[in-house]
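**Q** I'd like to ask some things about the structure below.
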Amino acid sequence: MLYNEQKQCCIIDPGCYFEAEKDELKTGIEKAGLTPVLLLNTHCHLDHVFGNKFVHETWGLDLHLHEKEKPVLDFAPLSGERWQLPFDNYNGPLVYLKEGNFIKIGEDQLEIRFTPGHSPGSVSFYSAADGFIIGGDVLFNRSIGRTDLPGGSMDTLVESIRTQFFTLPDETKVYSGHGPVTTVGYEKANNPFVKGM
Ligand SMILES: [Zn+2]
Ligand SMILES: [Zn+2]
């Protein structure tokens, strides 16, 4: 979750599955006095889409994702069954994100970067003004996203990291879907999968 000075927030990859987790999200937003204005998915693996429907129904937000990620979203319920985690998939309107465009949240903006490889339509959200990128499951602290799921490709993932992450200033913070925050510079020097690129 990301919010600006006007307390408008954007909800990215809501992973809430159980009722208690949904309550936690709702209570957290209310306690902080935030107004959700945008629902984004970096990509549509299970743990990133569970809460889409809840967010849509609670705050009336339509889902924004990359068009190439639509098949992954459609596959999510079947994947949920396989993992014994059945859920109601989002079935509201879809708004497609285009690389190079900007998402506006009040006065602030996020650049949409196309970063496939972990998933075919993965996107990352970059704020040049605030020096961070939200990368979903592309680049982790000393690790990278897995590429063995449908539509994944190691070559494509490494290329995404090289062209879309490692071209950013070293001090850029990288927030990922799992694990601690890191920086572009740290990963350039220490990430065993993409070192020295
Ligand atoms: Zn993923
Ligand atoms: Zn994930």
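Read the figures in this text as sums done on the coordinates, not as results from a lab. None of these values were measured; they are calculated from a predicted model. No Cβ is skipped: glycine too gets one built from the backbone with ideal geometry, and neighbour counts run over all protein chains shown.
**Q** When the range 1-58 is examined, which residues are found to be surrounded by 19 or more Cβ atoms within 10 Å (Cβ to Cβ) and on the phi > 0 side of the Ramachandran plot?
**A** Answer for the range 1-58, where residues must be surrounded by 19 or more Cβ atoms within 10 Å (Cβ to Cβ) and on the phi > 0 side of the Ramachandran plot: just Asp13.
**Q** Now for a separate question. Can you tell me which residue is nearest to Ser119 (Cα to Cα) among those in the range 162-197 that are of a type outside the set (Ser, Thr, Tyr) and within 16 Å of ligand 2 (Cβ to nearest atom)?
**A** Step by step, filter the range 162-197, then rank; the result is Gly177.
**Q** So Thr35 fits all but one of (1) closer than 23 Å to Gly135 by Cβ; (2) in contact with a strand residue (DSSP E or B) (Cβ under 6 Å, 6 or more places away or on another chain); what number is the exception?
**A** So the condition that Thr35 fails would be (1).
**Q** If you take the residues in the range 96-132 that are part of a strand (DSSP E or B) and within 16 Å of ligand 2 (Cβ to nearest atom), which one is surrounded by the fewest Cβ atoms within 10 Å (Cβ to Cβ)?
**A** Phe125
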